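The values are calculated or read from the model by the stated rules, or taken from the named source; none is laboratory data. Everything numeric in this text was worked out from a predicted model, so none of it was measured. When we count neighbours, we look across all protein chains shown, and the Cβ atoms used for this are built from the backbone with ideal geometry, even at glycine. Note: areas computed on protein heavy atoms with side chains; ligands, DNA, RNA excluded. Shrake-Rupley method; radii C 1.70, N 1.55, O 1.52, S 1.80 Å.
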Amino acid sequence: MLRSAEQLETKQNFPTADGGKTYVLMLRTALLNSDRQPIGIQGIFWDLSERQRAERELVSAHHQLVAASRRVGMAEVATGVLHNVGNVLNSVNVSATLVCEHVKKSKVLAVGKVAALLSQHADDQKYLIEDERGKQLPGYLKDLAELLRKERAAVLNELDSLVKNIEHIKEIVVMQQDYAKLSGLCVAVKTSDMVEDALRMNSPALTRHEVNLAREFIDDPTIIVDKHAVLQILVNVIRNAKYACDESNRSDKLVTVRIFKNGNDGINIQITDNGVGIPRENLSRLFSRGFTTRSDGHGFGLHSCLLAAKEMGGGLSAHSDGPGLGAVFTLVLPVQPPEPSE
């Protein structure tokens, strides 16, 4: 060091009397005279043990916070699944009730009565021509056939709705299970596939509240991400957009989903609504833990979404021009997952 006259910085652990370790940063510098010749060494030492302990605790707290965020996110998705399945089950119940009513009121038993009447006069060739009751049978059978045709069409329509709703429940549950299995794992997936899954999970609520959907998929790259974490964010943000539209009492409720690149290594998923908007004073607190503007809200949703986005190396932001002017939420994701930290 004296020959090179360079500064040397090292970090070392030293044993302490109680069997522990002291973490020391040492900075050694060559002392030079007026002729730039080395005449000695100056050493400065910092005990970083406390700072190292604090950093370890900070990392541990961060990991605990991320884990708690992931659990909250999974609970959000599970709640969304139960909510949407409940809505579809209402439709299933309505369809099943209507089918039962149609069957109870069916005129199909009248066919048996007509058959019995014809059997009674099977040997009377003039029954359908001369008998007053017999003369009415052809017209009655014609009307009965038309009535049974309409009845059949109505029952088939309700059964078709019943099958579709049951299939929809199956899709939602299977989708949630598939995402839950991949929780914490990064996989390659097309961006639009994740967006469509999130929209499908919210579709019963969007339809019930008469919220229209628009898609603008300008880019649709395959990215490597934690699918469950992305679903957690999208389901939450789309549901919030639905609430914002519903509270606005507009007749033209609209949620627009856009996908576009933000350079070569990032992708933006943007959810825009024309709902109630966000006051300026709330924008800075929107992602704070516990902050909510809904009476039945808990304030964990957007906070956990932001943590999940950052954990994936991305971000989540919100913008609104003010009350009544809608809002825009932008999820930024890297095309490749970030390198794991030590």
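One line per residue, one yes/no per condition, for (1) modelled with pLDDT under 85; (2) farther than 17 Å from A241 by Cβ; (3) surrounded by 22 or more Cβ atoms within 10 Å (Cβ to Cβ); (4) touching a helix residue (DSSP H, G or I) at 6+ places or on another chain (Cβ under 7 Å):
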position	(1), (2), (3), (4)
S295	yes, yes, no, no
F300	yes, yes, no, yes
A318	no, no, no, yes
L325	no, no, no, no
P334	no, yes, no, no
E339	yes, yes, no, no
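Does A5 qualify as being over 52 Å from the mean Cα position of the chain (by Cα) and at pLDDT 85 or above? Considered against the rule, which asks whether it is over 52 Å from the mean Cα position of the chain (by Cα) and at pLDDT 85 or above, A5 comes out as no.
For the stretch 41-66, the set of residues classified as more than 20 Å from F14 (Cα to Cα), surrounded by 12 or more Cβ atoms within 10 Å (Cβ to Cβ) and either at pLDDT below 70 or hydroxyl-bearing (S, T, Y) (or both) consists of H62, L65, V66, listed by residue number.
Please verify whether F14 is of a type in the set (F, W, Y), open to solvent by 100 Å² or more (accessible area, probe 1.4 Å) and in a strand (DSSP E or B), treating the condition exactly as stated. Break it down stepwise before answering.
Working: of a type in the set (F, W, Y): yes; open to solvent by 100 Å² or more (accessible area, probe 1.4 Å): no; in a strand (DSSP E or B): yes.
For F14, the condition - of a type in the set (F, W, Y), open to solvent by 100 Å² or more (accessible area, probe 1.4 Å) and in a strand (DSSP E or B) - is not met.
Identify, by number, the condition in (1) open to solvent by less than 60 Å² (accessible area, probe 1.4 Å); (2) modelled with pLDDT under 85 that A30 doesn't meet. Answer for A30: the failing condition is (2).
Residues in the stretch 25-65 that are basic (K, R) and in a helix (DSSP H, G or I): R51, R53, R56. Evaluate the stretch 220-229: report whether one residue or more is touching a strand residue (DSSP E or B) at 6+ places or on another chain (Cβ under 8 Å), modelled with pLDDT of 90 or more and among the basic types (K, R). Looking through the stretch 220-229, none of the residues is touching a strand residue (DSSP E or B) at 6+ places or on another chain (Cβ under 8 Å), modelled with pLDDT of 90 or more and among the basic types (K, R). Within the stretch 211-226, the set of residues being open to solvent by 10 Å² or more (accessible area, probe 1.4 Å) and under 14 Å from I267 (Cβ atoms) comprises E216, F217, I218, D219, D220, P221, T222, I224.
For the structure I just gave you, tell me whether R258 is within 16 Å of the chain's Cα centre (by Cα), of a type in the set (D, E, K, R) and open to solvent by 20 Å² or more (accessible area, probe 1.4 Å). Steps first, answer last, please.
Numbers: within 16 Å of the chain's Cα centre (by Cα): yes; of a type in the set (D, E, K, R): yes; open to solvent by 20 Å² or more (accessible area, probe 1.4 Å): yes.
Considered against the rule, which asks whether it is within 16 Å of the chain's Cα centre (by Cα), of a type in the set (D, E, K, R) and open to solvent by 20 Å² or more (accessible area, probe 1.4 Å), R258 comes out as yes.
Within the stretch 254-274, the set of residues being modelled with pLDDT of 90 or more and either of a type in the set (S, T, N, Q) or over 23 Å from I218 (Cβ atoms) (or both) comprises T256, N268, Q270, T272, N274.
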